[in-house]
Amino acid sequence: MANEDMELPDLVRSASNRGLSALKFVPLVTSWLAKKALEDQQSQDALTDALLSCLVSPHPPANILGYLTQCLLKSTITARTLAIHLLIYIYDGRSLSESTIISLSGLVMGSLTGLEPTSTIPSSLNRPIIPDIGSSDASQSIPTLSLLLPLLRQCTLPAAPAIVISFVHLLLSILEKHPAPPLDVGLEAGSLLQLLPEQLGLRLRDCLSGLMADLTDQNQLLNTTQQASGLPISAIPPLETRGDIPVPALPSGPLQLPLAKALQFTIIHALSASRWTPSPHYAARPPRLPENYSNIIRLGPQLCSDPATFLLHLLRTAVNIHNGEYVGSTFRGGQRWIFMTEHLPALIRWWKDQNIPDWACPEDIVTPLSTVFELETSPIEQKNGYVSGVMKQYISAADMDEEAGSFVHPEGWMLCTEQITILQRYSEFGLLNSQQLASLSSNISIPSHTPGESLMHRVASASKSHIRPISHIVIYAPGAARSFATEIMECISACPSVPPPEGLFVNLASEPDLLTAICGYVNSATILEAIQQHLLDVADDRGARAEDPQGALTRFGEAVILAEALVAIAELDPPELLRDARRSLNLPSMDEMQKSCVNGWVKALFGPDGIDDQVLLVTSPADFYRLAPSLIQQAITATAAGMLDLPTLHSGLSYFSQSLLSWSLGGITDWLCTEIVRNGHLSALHLNVLQNLVCSGALPVALLRVTGPAIASLLLPTSGLAPVFQSSAFDARGVQSKLNELNIAPQLSSVNALEDLRSEIQIVRNLNLAPESWASSLIKAMERALRVYPTASVSHLILEQLLQPTSALSGELDPFTAFSCLLLDLRFKATSPITGSQSFIDASIPALFDVDSAIVNDQIPISNLLLPVTSLCRATKHILLFASALNASQSDTLAHHLIDELLHLRARISTDGQEKNAKVKRRDPGMNSQQKAVLEALAGALGADEELRDRWSRFGELVGSPR
């Protein structure tokens, strides 16, 4: 059937089923709509309804959201149309899943076309009339507040998604108050006021003012309601200009944003960056800070003009960030404790020693510390109670283990209160003298730090039940993490000449808190590098293997388990050996040595003779690890061909439940998960093997934590594996129960990484409504986007968002302007330093002035561009200044590239499209009037800025324009 003969919903479903790309989808439906000769709003309503109807499913097609995103970018539909249709779908009880509603809310917040500050939504809406379908209720007027009630109810829940709260906040901010909603609707909405987040409640109260005015004295009550809201209700008046955008005057000094929020982001980014930033000088006295921590101070002048204010907020934010983690024992919580008690004092010592001109560290440390202790008394006491309470629980549980005996506290390592732990370290760094220490501690004695017994040897010899209390001491006892991490690094560095204590690496890998302690003090990348150099990549010692074949294999396996656990908990890129161990080779792809090895091991595992020393001697431990998935693949193939039966297969797998081979199951299990996804309904045998390994307990706990997220993803309804689970008798519940014991969640998908980042950006725009985890979520979304997409795509998204400020701001500067500088200038896992800034300057800004620019086009009234261009100018200025603070030489390159590009673009204006390419002889189509206006405003604002000209004199070349 030809496309033009299909109904629009069928056309959309057909495109989705064929996997048509979003770029090709928009021209397809645009052509279909053009042939129907529909009016613009009718076209938007028809297309939006067709797309949303595909999402009414428990497992909607993922590419529909991509189609919606592209339609919004190409202005085929507006965010206003999507928002209204979404409200009606929810109001009608159409089955949109919560994740779909979250995604659609993010799309609206990322576009905002038709929802600008000057626009309004009427207090009542008519159902859209869908061409060829119609609607018997099309003339029915529904109060807009009635449409919002389902989402308002959702926003009262403790775990309400932040993006949905922001979406409702946006709609309420432009909702007309007259005519007032019906009394019953107003009363139900009013009953939610006390349950809603504060800012949302204020907006709703403002919207209800019309109803209250009808019930009482209109003028007096309306004034009272507006005063109670405390929020501006005036929109930005449209500019009446001669076709140009007034050149924004860029304020001097730091970029205005909430300092506590900016520091929260920079601290959490520094902790995240510690996973991949090397710290080779961890053993120096005092420690030499890696750049991810010193960047906090380097960025200080760009965030705050007063060092004393900055120091106070830095200390308080560090305490707040940590004390928000006192429920549960997590990698993040332990890492933040170590930052607060170890790295922050070292950072302030470093600041004092730098003597930075105009940004010297304040001499007075006592006042900000005492202020923080006073302001945060209650959270600190809660944290102290948590630490001591958990310690008692761990000791009580350990004492119940009759085989291990009563727990004996490690000599010389005692838990102290949070205040004492902090003050002790500041004293050790010479930041506090004895009198100051006494005044801050209320004359409580501050013990001097003297290392106690070896925590490393205690961990190596500890029974399973005693590991938990020891790990708690390692994290929270003053100086314990520092001492323990140093011992571990020295032990690893001495290998293989000096073997590690027996059991050390296995116990380390099995207890996340111990890895947290090491990673909190020594950056994860440095630890992994040492493990690779001294444990994984060492030359095969045939002599040692000949003396003790099983011991050599087991010792290598312990190092592998440690590396696997570290890579998983710190989210590092796995080294080559671990990557090799996650793929199988077919026999034709193997060399003769590999074929011989595989055949020998297959016979040993699945034949009658079992494993003998000869098999162990032929294969090095590293080669066995690399070939382990291939062994399992050959066994599965043989079973499928009838050469092995299931009991024999399971008998061979039982060898992997022993310590001799169990360490290799991390690679095998990850490979199995990949194969199950790849083979789909043909993966019954792979599922059988996976179930056997998980449910039999063969997988060590450390490796179950490593591979658990991949296993959990298979069990999701969206995996599409339910039919094969049923046909193969796969025990999904049994596998899930094993995962639940360790609280393992499915791994995050990166399919919609850019959309996820777009949604997190909208949360940044409403920080007063944001959850406590907003900074971590934004950083993870940025990392996922950079892992999947080119840096240019991410910087283009950030530029697009800069030019689409949210209407909820009512004329104020978009908070995202400030955070865009941090996202582009700071280093993320997949990027080198300031690569985001380089892409923004070299690719994203020039793309604004391309002929086919989707962001600045001739459909946008020039009068609507003042706020977006002001945001762009401020962000561009501070991107350069932030980059200068982090890396002066690279920022010089950025600045000169930007100046050259703007001069080149102005040259295009001066030729008015007449310049021809000497080789191609092709006329330059020039820029539209909106692009020219944006270029003149951007170049004029940057050229006139004294801070930029003082730092880079060439910005003076941008003053004046070829009009």
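Worth pointing out:
- Listed by chain and number, the lysines placed with their C-alpha closer than 28 angstrom to that of residue 738 are 392, 464, 780; residues fewer than eight positions away on the same chain are left out.
- Computed over the chain: relative contact order in percent, which uses C-alpha pairs under 8 Å that are six or more apart: 12
- Computed extension length for residue 579-residue 94: 170.1 nm, one decimal, from 0.36 nm per residue of separation with the Cα-Cα distance subtracted.
- Residue 674 paired with residue 463, simple spin-label distance in nm, labels 7 Å along Cα-to-beta-carbon: 4.1
- Peptides 893-905, 87-99 ranked from most to least packed give 893-905, 87-99, packing being the mean of other C-beta atoms within 10 angstrom over each peptide's residues.
- Scanning residues 5 or more positions from residue 126 or on other chains, those with amide H under 5 Å from its amide H are 142, with H placed 1.01 Å from N in the peptide plane.
- The chain: angle of helix 549-569 to the longest principal axis, Cα-based, in degrees nearest 10: 20
- In nm, spacing of pseudo-spin labels at residue 650 and residue 695 (7 Å Cα→C-beta vector): 0.9
- Computed on the range 578-742, with alpha-carbon pairs under 8 angstrom and 6+ residues apart, the relative contact order is 22 percent.
- Extension reserve of the residue 900-residue 453 stretch, reckoned as 0.36 nm per residue once the Cα distance is removed: 154.7 nm
- Compactness of the chain as Cα Rg over 2.2 N^0.38 Å, two decimals: 1.05
- Relative to one another, the C-alpha centroids of the range 837-914 and the range 151-167 are positioned 36 Å apart.
- The chain, dipole about Cα centre (Lys/Arg Cβ +1, Asp/Glu Cβ -1), debye to the nearest 20: 1160
- What the phi angles of the range 717-733 give under the Karplus curve with 6.51, -1.76 and 1.60, with θ = phi - 60°, is a coupling list of x, 6, 6, x, 9, 4, x, 6, 4, 5, 6, 9, 6, 6, 8, 5, 5 Hz, glycine and proline written as x.
- Whole-Å distance, taken between Cα centres, linking the range 730-766 and the range 473-517: 31
- Nearest-20 debye value, the range 578-742 charge dipole, Cβ charges on Lys, Arg, Asp, Glu: 460
- With each label modelled as a point 7 angstrom along the Cα→C-beta vector, the residue 950-residue 7 pair spans 6.8 nm.
- Accessible area of the chain belonging to carbon and sulfur atoms, whole % at 1.4 Å probe: 51
- Surrounding net charge for residue 458, when Lys and Arg each add one and Asp and Glu each subtract one, Cβ distance under 15 Å: -4
- Under 12 Å, Cβ to Cβ, from residue 705 - net charge with Lys/Arg +1 and Asp/Glu -1: -2
- Space enclosed by the convex hull of the alpha-carbon atoms of the range 396-475, per residue, Å³: 99
- Sequentially through the range 263-272, phi angles give Karplus couplings (6.51, -1.76, 1.60; θ = phi - 60°) of 5, 4, 5, 5, 5, 5, 5, 4, 5, 5 Hz, Gly and Pro residues having no value and appearing as x.
- FRET efficiency, residue 490 to residue 741 (Cβ-Cβ, R0 45 Å, nearest 0.05): 0.85
- Nearest-0.05 FRET efficiency for residue 787 and residue 851, computed from C-beta distance (R0 22 Å): 0.10
- For the range 765-779, 3J(HN,Hα) per residue [Karplus equation, 6.51 cos²θ - 1.76 cosθ + 1.60, θ = phi - 60°, Hz, x = Gly/Pro]: 6, 10, 5, 5, 9, 6, x, 4, 8, 4, 5, 4, 5, 5, 5
- Positive-end residue, the range 259-556 charge dipole about Cα centroid, Cβ charges, pick of 470, 321, 460: 321
- Debye, to nearest 20: dipole size of the range 259-556, +1 on Lys, Arg Cβ, -1 on Asp, Glu Cβ: 560
- Computed from Cα atoms, the angle from the helix 665-679 axis to the main principal axis of the chain rounds to 40 degrees.
- The ellipsoid that matches the Cα gyration tensor of the range 578-742 has semi-axes, each √(5λ) in whole angstrom, of 26, 17, 15, with the longest given first.
- Taking the C-alpha atoms only, the angle from helix 480-494 to the longest principal axis of the chain is near 60 degrees.
- Each part gets one Cα centre, and for the range 74-94 versus the range 563-603 those centres are 50 Å apart.
- Amide H contacts of residue 121 (H built 1.01 Å from N, under 5 Å, at least 5 apart or other chain): 175, 176
- Nonlocal amide H pairs with residue 112, under 5 Å, H built at 1.01 Å: 79
The values are calculated or read from the model by the stated rules, or taken from the named source; none is laboratory data. Note that the coordinates shown come from a computational prediction; the quantities given were computed from them, not determined experimentally. Using ideal geometry, Cβ is built from the backbone for each residue, glycine included, and neighbour counts are taken over all protein chains shown. SASA here: full protein model, heavy atoms, side chains in, ligands and nucleic acids out. Shrake-Rupley method; radii C 1.70, N 1.55, O 1.52, S 1.80 Å.
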